[in-house]
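What follows is one structure encoded as structure tokens, with my remarks underneath.
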Amino acid sequence: MRQKDDLRFAEALTRLAYGRTTAEDNSMISSRCFNDEDSLPLDVQRCLRLIATNKEAICSIRNELDKCQKNKARHELEVMDKKNTQNLIRQLELNHRIKIYGFEQILM
């Protein structure tokens, strides 16, 4: 538990995850919130996620990784030299044909 030094806060977060907070919990959590997300550094603006179970946490992490990988691929395509594709189009065509026909002879 990351909040091991603040048991009261840890218990409040647990109740929050299950929708069972008290007025005292709400007050404590509000006192630790930032009202203006834009004032935070970019690397932490979207970092907090309250997730009740490990299974949901793993799913959330995988979704974020997928988004990052897609964004990276899009960026690489945007900055790629369009005149020097290094046979990329030919490779895509060959892979597409193999997928459709299943013949290795097409590669030759």
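Condition (residue is modelled with pLDDT of 85 or more and surrounded by 12 or more Cβ atoms within 10 Å (Cβ to Cβ)) applied to region 35-52: is it met by at least one residue?
no
Kindly indicate which of 20, 32 is modelled with pLDDT of 85 or more, within 18 Å of residue 8 (Cα to Cα) and touching a helix residue (DSSP H, G or I) at 6+ places or on another chain (Cβ under 9 Å). Spell out the reasoning first.
On the way: 32 fails: modelled with pLDDT of 85 or more.
Residue meeting the stated conditions: 20.
The values are calculated or read from the model by the stated rules, or taken from the named source; none is laboratory data. Because the structure is predicted, anything quoted here is derived from the model rather than measured. Positions of Cβ are generated from backbone atoms using ideal geometry, with glycine treated the same way; all protein chains shown enter the neighbour counts.
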